[in-house]
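Take a look at the structure set out below.
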Amino acid sequence: MDFTFTPEQDALREQAREFLAANPEPSWAQLAELGWTGVSIAEEDGGAGLTFVEEAVLFEELGRALYRGPYLSTIALTLPALPDDLRAEVASGRTSWTLAFGPLVPDLDTAERVAIVGGDGIFELEGGEREILTTSDESRPLGVVRGGEAGRRLADTTVLIEIEARSQTALALEACGVAQRALEYAIEYASTREQFGKRIGVYQAVSHPLADAYTRLELSRSLALWAAWCVANENPQTWTRPSLAAAAAKSSAAETAVAVCETSIQVLGGIGFTWEHELHRLYKRALGIESFGASGTRLRAEIAAALLNEPEAKVPGSSQVPVSVTEGG
Amino acid sequence: MDLRDTREEAAFRAELRAWLEDNVPDELHGHRGGAARFDGPEMRAWSRALHDAGYVGLTWPEEYGGGGAPYTHQAIFLEEMARAEAPTHIGVIGLGMAGPTIMAHGTEEQKARYLAPILSAEEIWCQGFSEPGAGSDLAGVRTSSRLDDAHFVVDGQKVWSSFAHLADWCILLTRSDPDSTRHAGLTYLIVDMHAPGVEVRPLTQITGEAEFNEIFFTGVRVPAENLLGEIGGGWQVAMTTLLHERGTLGFALQAALEVQVLKLIALARDRGADQLQRDRIAREWIEMEAVRFTNYRSLSALMKTGLPGPEGSISKLVWSEANQRVTKLALEILGPDAALSEGNAPYGGYWQYQQLRSRGNTIEAGTSEVLRSIVAERVLGLPKSR
């Protein structure tokens, strides 16, 4: 048993943090140049042949940096459905994707191509209109697609179980990155801001909620990394565990990120409530993660059914979300 | 990163699992807990059997009778013990606190004398730290020790001492310099609990059981060679003890929580649970898995760097509050039957006892308030409150 990152994975995290600090709005081509778009794509298809654990490192850092672009939609939502030739185009940075899995489609403004679920298959959408909607979280635009036709068949819908686990885990990791950044703002502020003649971090009414924020974050991070390892290593034939782990991770981390941001906003007082400070943008991403896909309540209902071993229980991950486009458009 | 057992870990787990299946006595299976459980001779026999099979002191050096095994084996041991619902070895304080402290600060003579009987359960230990005036603020210790020729003479009172009614030895924190205050002037002694002048009075607690005790010391003569560390250096030695109390417990606590959550799930299957209760059951399962993998992260860091990861400091805090929620949820699922107790209650009163006992979890071994301050100051680096 070894639950630490390798030196290479640590180096990847360091590279990601430095790069995203220097380039807050990187292009898809820049990410491809860094090798990030082909992390888990096979070497013969131009990727690095690594695993979801390395992608996990990136999702956490991209969440922290409030990255705006089609990484989640391409790598977490669509990649498992793509045939090898299209994977190669992702690795090289030629294309990015999003998947119309639910009615609200993420990254529709930046993703080049759109996949749709219809019948028992996942298809490329040809034609159709895209409408970008206004969202609280400006760093992750959502949109709807209308019309169009089902083009090339990409995969069977059996791959959705993997897509659900990957996307829930990726969102959990993003949530950990968001919470980490918010907590750092609060610690920095509580360590310098003085009131009543003392730095406010000495007051336990301030420090204990921050200790709780750290505690919730580390618990959620442990779940997210567990889920990431399961996604990377479990045999898809026995997919129950990654689905349970991913559901646990998303349920926990989304709630944690929202709570940690709220604690941090409170600790920063008036400053935390301003438009100028970054905290509200972290908070809105946390809320966006919580509302994206299955809610915590829904995920816990699925977990409870699995734990209580009810014959009618759906295995987590098997749930189908209504889709906006059917086969044949 | 690889969350699977290595080949060697898998072999150890399989062998241990088979041994537990063959050896846990039926009458001890699923024992409900509480230190009163340790009184019977069958518990000493069980502890001895664990020792003879080589499962006690797995990570202790071989020269002191330990297994010299990596920490992962200890983690596997605790997981499998919980899975088998096997009772723990009776030497809780000796194994978790006194032994590691003696290994860190003891003389060769002390190590040779005290360590082996801890492992074999021939000698039981208790801890004399807290006093009526020194609880969370341990530096307020007033029990005195005065060097008189070849002996320390000890006078004072300790409290909340688990196992003192059974113990042969006590790790005792005393004030040897009457003019000192706070962390200076403290001296750490090994005291014979059978010596003249030692009196133990059991304290009946919220559950009706007497699990811990008051200890009164009146002119107790402790041989000078029973000094652990330096005269006046007791605080540093005590910190070693507390580090081990809080550090090595993580896996045992997670394993205990797993047993509770699995029992809670069985209860919900048995008696039914509504939608809101099901949501809370799922939350507690998630929390239990989160503690497991947080412990794994901390343990992996310990194996690689020699220091446990900072995230390990939250295990006890999280476990104690989770155990309180789980046991209360169980009572809620029991409905009106929750008011019954002992033999009249479902499952022999297991949940009623566990729920009351759990209130001690956020107080013993560092209150939740103290633990939050430790996280705030030592992990987050916030300014110190005192």
Post the alpha-carbon centroid distance, the stretch A:193-243 to the stretch B:65-133, in whole angstrom.
31
So which residue, out of A:Gly121, A:Gly93, A:Gly269, gets the largest mean-square fluctuation from a GNM of chain A using Cα contacts under 10 Å as springs?
A:Gly269
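Using only DSSP helix segments of four residues or longer, with each worth -39500 (n - 2.57), what per-residue ellipticity at 222 nm results for chain B after dividing by its residue count and rounding to 500?
Working: 11 runs with 165 residues, N = 386.
So the helix-based figure for chain B works out to -14000 deg cm²/dmol.
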Between A:Ser92 and A:Glu188, what is the label-to-label distance in nm when each label sits 7 Å out along the Cα-to-Cβ direction?
4.1
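Expressed as a rounded percentage, what relative contact order does the stretch A:44-190 have, with Cα pairs under 8 Å and six or more residues apart? All intermediate terms of the calculation are to be shown ahead of the outcome.
Working: 243 pairs, mean separation 43.3, N = 147.
Taking the mean separation of contacting Cα pairs over the length of the stretch A:44-190, I get 29 percent.
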Through the Karplus equation 6.51 cos²θ - 1.76 cosθ + 1.60, θ set to phi - 60°, convert the phi angles of the stretch A:49-66 into ³J(HN,Hα) values in whole Hz; use x for Gly and Pro.
x, 8, 10, 5, 5, 5, 5, 4, 4, 5, 4, 5, 5, 5, x, 4, 8, 6
Find the centroid of the Cα atoms in the stretch B:216-245 and in the stretch B:308-323, then give the distance between the two in whole Å.
27
Describe numerically, in nm with one decimal, the distance between label points set 7 Å from Cα along Cα→Cβ at A:Thr274 and at B:Leu242.
4.1
For chain A, what's the relative contact order in percent, using C-alpha pairs closer than 8 Å and at least 6 residues apart?
18
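FRET efficiency for B:Thr367 and A:Arg153, Cβ-Cβ distance as r, R0 = 60 Å, nearest 0.05? Don't skip to the answer; put the middle values down first.
Values: r = 61 Å, r/R0 = 1.02.
Here the calculated transfer efficiency is 0.45.
Report the extension gain between B:Arg269 and B:Asp155 in nm, rounded to one decimal, defined as 0.36 nm multiplied by the number of residues separating them, less their alpha carbon distance.
Full extension from B:Arg269 to B:Asp155 adds 35.5 nm.
May I have the convex hull volume per residue, in Å³, for the Cα set of chain A?
Working: hull volume 46.5 nm³, N = 329.
So the per-residue Cα hull volume is 141 Å³.
List A:Asp45, B:Asp148 from most exposed to least, where exposure is judged by having the fewest other Cβ atoms within 10 Å.
Ranking A:Asp45, B:Asp148 by Cβ neighbours within 10 Å, fewest first, gives B:Asp148, A:Asp45.
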Not counting the cut sites, what is the longest span of chain A without chymotrypsin sites (Phe, Trp or Tyr not before Pro) that DSSP labels loop and that have at most 12 other Cβ atoms within 10 Å?
A:1-195
Simple label model, 7 Å out from Cα along Cβ direction - A:Ala21 to A:Ser295, nm
3.9
HN-Hα J in Hz across the stretch A:4-11 - Karplus 6.51, -1.76, 1.60, θ = phi - 60°, x for Gly and Pro
10, 7, 6, x, 5, 5, 4, 5
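Expected output is a single nm value to one decimal: the length gained when fully extending between B:Ala224 and B:Ala45, i.e. 0.36 nm times separation in residues minus the C-alpha distance. What is it? The partial results should precede the final answer.
Details: separation 179, 0.36 × 179 = 64.44 nm, distance 3.35 nm.
Length gained, B:Ala224 through B:Ala45: 61.1 nm.
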Looks like the stretch A:7-157, by Cα gyration tensor root eigenvalues a ≥ b ≥ c and the a/c under 1.5 rounded cutoff (else prolate when a/b is bigger than b/c, oblate otherwise), is oblate
Dipole magnitude of chain B about its Cα centre, charges +1 at Lys/Arg Cβ and -1 at Asp/Glu Cβ only, in debye to the nearest 20?
1200
Taking chain B and dividing mean pair separation by its residue count, relative contact order in percent (alpha carbons under 8 Å, at least six apart):
13
Which of these, B:Ser358, B:Ser130, B:Ser373, has the largest mean-square fluctuation under a Gaussian network model of chain B (Cα springs below 10 Å)?
B:Ser373
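Once the other residues with Cβ under 13 Å from the Cβ of B:Ala224 are scored (Lys, Arg +1; Asp, Glu -1), what is the net sum? Present the calculation step by step, with values, prior to reporting the outcome.
Values: positive: B:Arg146, B:Arg221; negative: B:Glu109, B:Asp148, B:Asp149, B:Glu225, B:Glu230.
Neighbourhood net charge equals -3.
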Give me the dipole magnitude in Debye, nearest 20, for the protein assembly as shown about the Cα centre, with unit charges on the beta carbon: positive for Lys and Arg, negative for Asp and Glu.
1680
For the protein assembly as shown, max minus min Cα coordinate along each principal axis, in Å, sorted largest first?
95, 60, 51
Local charge sum around A:Ile200 (other residues, Cβ-Cβ under 11 Å, Lys/Arg +1, Asp/Glu -1)?
+2
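Only the coordinates and a few stated rules stand behind these numbers; no lab work does. Keep in mind the model is a prediction, meaning the values are calculated, not measured. Glycine gets a Cβ as well: all are built from the backbone with ideal geometry, and neighbour counts include every protein chain shown.
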